[in-house]
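What follows is one structure encoded as structure tokens, with my remarks underneath.
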Amino acid sequence: MTRRIFWQWPLLLTTGLGIAQAGAAATAPEYQVKAAFIYKFTTYIRWPAPVGGNAARPFVIGVIGKDPFGPLLAAVVREQSVQGRAIRVKTLSRIEEALECDLVFVSSSERGNLGQIFSLLHGASVLTVGDMDQFAEQGGMIGLVTTEDNHVRFDINRAAIERSGLRASSQLLHLARIIDEPREDGGHR
Amino acid sequence: MSPSPSIGRSLGWLSIFSSGTALLAASLALLFFQLQEVKSSLLLRLETVADLIAFNIAPAVDFNDVEAAKVMLGSLQTRPALLSAGVVVNGRIFAVYSRKGVAPEGGDLRRVSAGHRFDDHELTVYRPISSQGRPLGTLFIHIDLHEYDQTWRRFAFITGLVAIPALLIAILIAQLPQRAISRPILNLASLAAAVSDRKDYSVRAPAMKSAAEIERLVGTFNQMLTEIQGQHAEIENARATLEQRVADRTRELESRTEQLETQGRELAAANRELESFSYSVSHDLRAPLRAIDGFSKALLSDYRAGALDQRGVHFLERVRAGTQRMSQLIDDMLHLSKVTRRPLERVVVDVTAVAQEVATELARRDPDRFVHCVIEPNLRASADSHLLTIVFENLLGNAWKFTGSREDARVEVGQTSIGGEAAFFVRDNGAGFNAAYAGKLFGAFQRLHHESEFEGTGIGLATVKRIITRHGGLVSAEGVEGVGATFYFTLGGKP
């Protein structure tokens, strides 16, 4: 018992810190919030068991294009795990490397390569997250949106997630703006 | 003091009290458990809602979406009892929904564990919010319990609605055995009153189906009545017998009294006849006696010289002595009968003077003797003066006579008391008498001493007794031969 509580302390402190920073969104750096969101998505989405039975394989978060996080993302996921797998953050130099990842953050610098990226990852159990405009509408799974009052919200393309074999929890879906089909009307909630 | 209540009323109150108490206790217990039930079901319902909301609101907290959290909390507004609901993160309110006019619940913001708190009319439920084991914050839902209060009142009302007719029915049912107990007792009470008022012991309490003790009481009461009736009859019987016996005895006594009176009358008549006979005999005897004495005297004086020898003279003198003695006897008998015939005249008599007079006369008649005579002074009595003189003549005469042989003769007259009555006595130190013959002293012609020893006719004490008897008094004597004699007499009437 004492042992468990002992282990929960750093956990509590870390996430507490993250939430506190997120709560002070107006002042917190935008990408720190977004990095925290990326980690939190992993707790509401279920990945199928890794192929080949290699359960010890780390959970890889890849960043495609120009990395806006710097050290922030690595800091957020340090010491954390997804479904028992340690998390590793990796900056991808080639689009093809995305297939080796479990989650890919598509930087807004890759706007022109979206078609290529999505077709590459079609049917693969890789969660795609981006913060460019209309990311979910264009086929991305979760699009991060910054509101006028500097809150970070997100859209979810439910069809894209279902195609990939990932399972998003209803709680998460309930919180997101759901994008069912890629549509022309943009804007935010 | 107020009168004691009747047994029926007492039992009635007892049954009302007992069934009322039982019913009240049952109602209260029912109400209590119902309320506990209502409370716990209310809590359970609220906890279920809280669990659901805590689960659903977790991403909103996680992703810092206050608006979404508010919307989710707002879904509670359909619950009319809701006062406020909110999420607390790190001791600060993250999102809150509150009914119009109700201040958000601000207390207990530090609370992170699941639980609930009942306040006066409010209930607050706390639920931790977490995601994948990561604690995110605490949800609270604060509701008003007036709905619960209403339920409480409705239950109380229904319980009362059921309890009051139940109480009435219980009392009605309790009446039945209670009547079985009180009716025989009331019967018994009125029966006892009737028995005591009319003294009618023939009535009986009717046998009734009741409690065993009551039946025994009725049985015992009837048995007691039977016994009393029996005893009463016996007493009546005994009284009738007693009255009969008293009447019989009275009749018997009356006839006996009548008989006695007849005998008394006959006796008195016989006595009178006897007295007049003895008087006439005495009187008639005197004439021939005088003739005998007179002619004997004539013979002696006229024929003494030559015609009568010495023996003849002696015989004639013996004849004359005999006639004189007979004359004396006749005189005494006449005297006795006179005493009897004279009417009694009571006056206050100076007894000392009478005794003194008689003693002086005796001393004068016999101047050769010296008798020391002591008479108590101031003796008085209510008596016939003449008859009392005769009494003293006889008694003092006897004393004089029987002390004749003594040089130191002493005679005493005084007063003493016998059985509380004043009595006089005459005492001497003379010849006395044998106490065995004391009963014979007072009979006529009874002598205890020979004539040659002490002269006398034997009439004296009989005369004394007759006089004392006529006075209604008593006479007695005591004596020792050679030492002396004492004669006591009372005079009846008032002294």
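Each value in this text was obtained by applying a stated rule to the coordinates, not by laboratory testing. Computed from a predicted model, the values in this text were never measured in an experiment. Using ideal geometry, Cβ is built from the backbone for each residue, glycine included, and neighbour counts are taken over all protein chains shown.
What distance in nm separates the simple spin-label points at B:Ala291 and B:Glu243, each placed 7 Å from Cα in the Cβ direction?
Each label point lies 7 Å from its Cα, and together they span 7.5 nm.
Provide, in order from the shortest bin, the percent of all Cα-Cα pairs of the stretch B:217-256 in each 5 Å bin, continuing until the bin that contains the maximum pair distance.
6, 22, 12, 14, 10, 9, 9, 6, 6, 3, 2, 1
Explain nothing, just the number: dipole magnitude of the protein assembly as shown about its Cα centre with +1 on each Lys and Arg Cβ and -1 on each Asp and Glu Cβ, in debye rounded to the nearest 20.
I would put it at about 1180 debye.
Per-residue HN-Hα couplings for the stretch B:118-133, Karplus 6.51 cos²θ - 1.76 cosθ + 1.60 at θ = phi - 60°, whole Hz, x for Gly and Pro?
9, 9, 3, 10, 9, 10, 10, 10, 10, 9, x, 10, 8, 9, 6, x
With no solvent and one point on each alpha carbon, what is the Debye value of log10 I(q)/I(0) for the stretch B:7-169 at q = 0.09 Å⁻¹?
At q = 0.09 Å⁻¹ the computed log10 ratios are -0.43.
Note down the net charge around B:Leu267, summing +1 for each Lys or Arg and -1 for each Asp or Glu among other residues with Cβ under 15 Å from its Cβ.
-3
With a Förster radius of 25 Å, plug the Cβ-Cβ distance of B:Phe33 and B:Ile169 into 1/(1 + (r/R0)^6) and report the FRET value to the nearest 0.05.
0.60
B:Leu82's amide H: which non-local residues (gap 5+, or another chain) put their own amide H closer than 5 Å, with H modeled 1.01 Å from N in plane and none for Pro or chain starts?
Here B:Asp144 satisfy the definition.
Extending each Cα 7 Å along its Cβ direction at A:Ser93 and A:Asp180, get the distance between those two points in nm, one decimal.
A separation of 4.5 nm, rounded to one decimal place.
Angle, helix B:460-470 long axis vs. longest principal axis of chain B, Cα atoms, 0 to 90°, nearest 10?
Between helix and principal axis, roughly 40 degrees.
How large is the translational diffusion coefficient of the stretch A:50-151 in µm² per second when you combine the Kirkwood radius over alpha carbon pairs with Stokes-Einstein at 37 °C and 0.692 mPa s?
Result for D is 230 µm²/s.
Once you place label points 7 Å from the Cα toward the Cβ at B:Leu44 and B:Gln150, how far apart are they in nm?
2.2 nm
How do B:Lys440, A:Lys40, A:Lys66, B:Lys39 rank when sorted from fewest to most other Cβ atoms within 10 Å of their own Cβ?
Starting with the residue having the fewest Cβ neighbours, the order is A:Lys66, B:Lys440, B:Lys39, A:Lys40.
So between B:Val281 and B:Leu300, what do we pick up on full extension, going 0.36 nm a residue minus the alpha carbon distance?
4.0 nm
Kindly provide the pair-distance distribution of chain B built from C-alpha pairs, with 10 Å bins from 0 and whole-percent values in order of increasing distance.
Going out from 0 Å in 10 Å bins, chain B shows 3, 11, 11, 8, 6, 5, 4, 5, 5, 5, 4, 4, 4, 5, 6, 5, 3, 2, 1, 1, 0, 0 percent.
From the C-alpha coordinates alone, can you work out the Kirkwood hydrodynamic radius of the protein assembly as shown, in Å?
Radius from the Kirkwood sum: 42.1 Å.
As an exercise, take the mean of 1/r over every pair of distinct alpha carbons in the stretch B:342-489, invert it, and state the Kirkwood radius in angstroms.
With all distinct Cα pairs of the stretch B:342-489 included, I get 15.5 Å.
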